[in-house]
Amino acid sequence: MKKAAQRSWIKALDSKFIICSKKQNNFRICYKALTLSLLILLSYPAFSFPQSSAESLVQEGADHLQVFFQNKAASRTAVVQFENDSELTDLAMQKIYQLLMARLENEKNIRVSDLLVHFTNGRGEFNLSNVAELDYLLYLKFIQNKTKTGLGLAVFSRWQDKLVSIKYIETHLGKDEMDFLNSKNFAFPEMGFSKLTEFETKKNLMDIQSISSADAQTRYFFYYPDEIIIYLAKEGRLEKQSSCQLKWTRPLYPVLNYQGKLLVFAFKQDLVLTAGGNFSPVAQVLTFSNNQWLETAKIGFVPFKQVLFNQNPYLVGARYEEGKNYFKDKVYFMPFTDPAANSEIVEKKSRPAYAIDFSVQEGQLQGVHLIDREYTYHLLTSDLAEKNPGTAKKGASLAASEGDWLAVSDYSRQTDQLFFYDIKAGGLRPVYTGKIAGEVQFITAGTWQAVKGFWVCVQVPQDDAGRSVLQFWGKPQ
Amino acid sequence: MSKLKLLALPLALLLVYAIKPYYGGEISMKLNEPTSFTLNTANYSNLILYSLIYENFFYLQKDGAITTHVFEDYRYDAGGRTLILTIKDNLSFSNGKPLSAKNIQVSLKMFLGANLFAASKLNRLIKNIRADENQIRIELLADDPAILSLMTAPELVVLAENEQSFSGPFYPEEWEKGSHLILKANPFYTGGRTYLDAVKIVFSDDVVPDVFLSSPKSLKENYQEFDSGIYQNIYLCFLQGDIGQNTKIALYTLMKKFNEVTGFKYKELRTLTSDEESPVSIQIKTISPQKTASILKSSDIKLYILASLSYLEKDLTAFLKGSNLKIETLFIDDSQMMNFLNSTAIKYVLIDKIFQTKIAAEEKISRILKESSFNQFNVKYLRMLGELDEVKYSNSQELLMEQIARISETIINDGFIFPLFQKTYSMYIHHVWQGVEVDYYGRPLLQKARKTND
């Protein structure tokens, strides 16, 4: 078997030079070059490193990349090929990959994208649709010989159209560590976003918000067109606590697909919620008083967030095109001083959008994220000035978790997935991808068991009745 | 196959599944020009047109399922022999005026008063109709849980008090007579606003429409055929007892000649329903052109034609002019027909009826008897209908056929209706449109229609 493997590598050696002169994004071919390099490296003991764990193996790889990129600024980089020729499982490979990603995310000279869709049958599958936007492509291979396990790492420069760096690191992985890596319940501390829980939900769920009370209990508000159901989280499950029936009045625009946003916040001594949707031109303001929710006002737009301007609270939001599935081309601001009174609304021009969210840090509006009707992502400043128009098509759902993370769905119905971006620096840095078995209906930021992340409502495709599941994707700290 | 082509296929599939339905766009349909927006479902073209602006109480799907957009809930209370319909909250007509339980009650009563077989069947069952705040309670004379199926008639629609209000997915916005009619999406449509912004109904053949009606199996490239088994029969009716047999035959011969000179656009009809299912064949002998001319030359004939046949106007007028006969054609709206009958001595009428192949022959013959006998309807016919009902429940196909044959013979012998022509239809929809469903009556449901690449 080993001989057969060697033969295939020798075959790769024969075609090496033809390969690299071909198209720059021909990954299959470039990989042959990598295996050749690894073969060469394997025969030189001087390149071996006496390491003792997977983590140090990855750390060494990351160190090598740090040195390589130290004189380069914000190099757009991603792993585009990862193969496993060791006895480690696919799961272990995913963990090793995540560990490497976590290390690279912290490198200031690297703008790393996480393109891994999944790892199966010894091979990683990557989303290569946006490779043209990258500067460097990384190829990884895990290899095992009699006593040691090695990681081969090659860097391909798209601009120079050649391999610019090759590294092979070897270490001894004991059986215990291998078992540890292969076990399902293991997670590296810096792993990316993953699905932490999943619930069945009834049809037409439009949004979820939560609020923690003084007794440290978290209440979850599930927003449906005709009611809001309030749940209490108990040991990994949700228990219905109460519900609030919503009474809408004319004009009411019947819709094919319900969409809406809910906002829950404490205001002075009261708990206030606002609920709006694409079926009504007004959002309801409900205040919790005497153990019941009372409608105290109506607002002419759908509030998304509460923000501070000059230390004064405002509601910021958008307005749906009545009866349709997108927002009008304006963003609305309203001073919020009294839950029972309307203030003058200030509107600012933006653009019609399938999805909008506002990133808010410590009450301050940081930016506006939107996906227009052409499925292009736009990042706007707090003044709604265009900051970073995207080029690639994005899905029609997004949500911002404070000023830290942005989750966006894919531009596809059959193979939906989630893209998580780091927005802490004000930009958009892709860091993780999660596969979704269904179609994303909406994404909203939230918390689950003290973990911040995103609620994702998914329409399960194989069920004609429209079965919906609700997932929580979080990044354990 | 080149790599490029191999890649293009999944890419195309991916584009089909863009994540959100696109709101916007216009679909064009070639239909006959209406005379007004008063409900008229006499022919297939009208059946489609009026389904776009009037919402049915219930829809009968192709698979027999009954659905509704108007009612939140409907249930039959067997104990109280009452059908309870609960209307959805906060519904509105196209102009924003409230659509209430009262509107439902009035619409149902108007339907029951119409000269329709489906209405008379329902009428026989209903004791009273009451409207509460958001409920309509239909109390029956006898227990009949199947009442809901009678309420799927295409003519049972939600009507507004105001003529400018519409309950359907679209409402008329602009009508350029002889050219086109623009229907705009109703923002308050009870079933949820359509993805389409508009439907353009074109009346001429100047443009290639997205949807049109034509004979079945007319192979049209890029179009999907929906053959719902719809056919249209045209009859010549004589509504006064003093019309001589010779005049009837002469006028019948003239109409046959008209079909011949216009290129046999219609199939000859020798039964009251369709030649394939009728137990009897009706042979009416035509006479020579000379004899026809000599009989009709001294007559002063006013031939009333239902507005649903208005598309015949041009050809028929030219034909009659060429025949040098004093025959005046007058087009009359179906809804005004009964009023005209009471006020005017209408003698000659050209009418049409559409039928669905799947509907039982006894149902069709009942419809003809009830809807086409006009002022000639009498106790004898009522008795025949009663007998047909009885035979229906005897489970004897032989007896049933005998009764149908007897009714057909009686009608023809009484001489008030002569079958003339028949035309079968399929609906063709361009492949670029997806999400178009077709109901039991062959009507396109455009609620979720959108272009493939949107």
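The values are calculated or read from the model by the stated rules, or taken from the named source; none is laboratory data. Everything numeric here is computed off the predicted structure, so don't read it as measured data. Glycine also receives a Cβ, built like all others from the backbone with ideal geometry; neighbour counts cover every protein chain displayed. Ligands, DNA and RNA are stripped out before the accessible areas are found, and what is left, the full protein with its side chains, is counted by its heavy atoms. Shrake-Rupley method; radii C 1.70, N 1.55, O 1.52, S 1.80 Å.
Worth pointing out:
- Sparse-neighbourhood loop sites, GluC sites (Glu not before Pro) in the stretch A:274-350 - DSSP loop, at most 11 other Cβ within 10 angstrom: A:344
- The alpha carbon gyration tensor of the stretch B:273-363 gives principal lengths a ≥ b ≥ c with a/c of 1.5 or higher and a/b no greater than b/c, which makes the shape oblate.
- Counting Cβ atoms of other protein chains within 10 Å of each Cβ in B:95-103 and taking the mean gives 1.
- Rolled with a 1.4 Å probe across the full set of protein chains, the surface gives residue A:203 an accessible area near 120 Å².
- Estimated FRET transfer efficiency (residue A:56, residue A:235; beta-carbon r; R0 45 Å; 0.05): 0.75
- Note on residue A:237: accessible area approximately 110 square angstrom, rounded to 10, probe 1.4 Å, nucleic acids and ligands left out.
- Accessible area, probe 1.4 Å, largest first, for residues A:215, B:333, B:206: B:206, A:215, B:333
- Efficiency of FRET from Cβ geometry, residue B:268 and residue B:124, R₀ 25 Å, rounded to 0.05: 0.10
- Counting Cβ atoms of other protein chains within 10 Å of each residue's Cβ and taking the mean over peptide A:245-255 gives 5.
- Here's the picture: charge each Lys and Arg Cβ at +1 and each Asp and Glu Cβ at -1 in the protein assembly as shown, and of B:45, A:292, A:265 the one pushed furthest to the positive end of that dipole is B:45.
- Bridging of residue B:370 to aspartates and glutamates at a Cα separation below 18 Å is possible for B:155, B:334, B:352, B:362, B:387, B:389, B:390, B:409, B:414, once same-chain residues fewer than 8 apart are set aside.
- Three-way shape call for the stretch A:380-421 based on the alpha-carbon gyration tensor, with the a/c threshold at 1.5: oblate
- Average partner coverage of A:122-129, which counts Cβ from other chains inside 10 Å: 0
- The accessible area of residue A:429, taken with all protein chains in place and a 1.4 Å probe, comes to roughly 40 Å².
- Taking the DSSP bridge list for chain B and keeping only pairs wholly inside it, about 80 percent are antiparallel.
- Local net charge near residue B:441, Cβ-Cβ under 11 Å (Lys/Arg +1, Asp/Glu -1): +1
- Using alpha carbons only, the radius of gyration of the stretch A:361-477 set against its Kirkwood radius gives Rg/Rh = 0.97.
- Sequence-distant aspartates and glutamates (8 or more away, or on other chains) whose Cα lies within less than 14 Å of residue A:108: A:63, A:422
- Considering only beta bridges that DSSP places wholly inside the protein assembly as shown, some 85 percent are antiparallel.
- Dipole magnitude of the stretch A:389-432 about its Cα centre (Cβ charges: Lys, Arg +1; Asp, Glu -1), debye to nearest 20: 180 debye
- Euclidean distance between Cα centres, the stretch B:248-326 to the stretch A:200-268, Å: 68 Å
- Dipole magnitude of the protein assembly as shown about its Cα centre (Cβ charges: Lys, Arg +1; Asp, Glu -1), debye to nearest 20: 2000 debye
- Whole-number Å³ per residue for the convex hull built on Cα positions in the stretch A:270-383: 100 Å³
- Protection proxy ranking of B:207-220, A:441-454 - average other beta-carbon atoms within 10 Å, highest first: A:441-454, B:207-220
- Inter-part distance where the stretch A:113-144 and the stretch B:433-454 are each reduced to a Cα centre, Å: 42 Å
- Overall Cα dimensions of the stretch A:416-477 - principal axes, largest extent first, Å: 42, 24, 15
- Projecting the Cα atoms of B:345, B:415, B:366 onto the dipole axis of the stretch B:313-430, where Lys and Arg carry +1 and Asp and Glu carry -1 at the beta carbon, places B:345 farthest toward the positive end.
- Measure of compaction for chain B (Cα Rg per 2.2 N^0.38 Å): 1.05
- Net dipole in debye of the stretch A:193-346 [+1 Lys, Arg Cβ; -1 Asp, Glu Cβ; about Cα centre; nearest 20]: 220 debye
- When the convex hull of its Cα atoms is projected in every direction, mean area for the stretch B:329-454 (nm²): 11.4 nm²
- For the pair residue A:387 and residue B:22, a Förster radius of 22 Å applied to the C-beta separation gives a FRET efficiency near 0.25, rounded to the nearest 0.05.
- The mean sequence separation of alpha-carbon pairs under 8 Å and at least six residues apart, normalised by the residue count of the stretch B:140-188, gives a relative contact order of 23 percent.
- Local electrostatic count, residue B:81, Cβ distance below 12 Å [Lys/Arg +1, Asp/Glu -1]: -2
- Comparing A:306, B:117, A:139 along the charge dipole axis of the protein assembly as shown, the residue lying farthest to the positive side is A:139, per the Cβ-charge model.
- Neighbourhood charge, 12 Å Cβ-Cβ cut-off, centred on residue B:252 and excluding it, Lys, Arg +1 and Asp, Glu -1: +3
- Peptide ranges B:311-317, B:179-185 listed from the most packed, as the mean C-beta count within 10 angstrom indicates: B:179-185, B:311-317
- Of the cross-linked pairs B:217/B:448; B:220/B:358; A:72/A:146; A:195/B:88; A:261/A:394, those separated by over 32 Å at the C-alpha level are A:72/A:146; A:195/B:88.
- Linear extension gain, residue B:282 paired with residue B:405, 0.36 nm per residue minus alpha-carbon span: 43.2 nm
- A crude spin-label estimate for the pair residue A:133 and residue A:311, with each label 7 Å from Cα along the Cβ direction, gives 4.1 nm.
- A 1.4 Å probe run over the stretch A:82-171, with the rest of the protein chains in place, finds 37 Å² accessible per residue.
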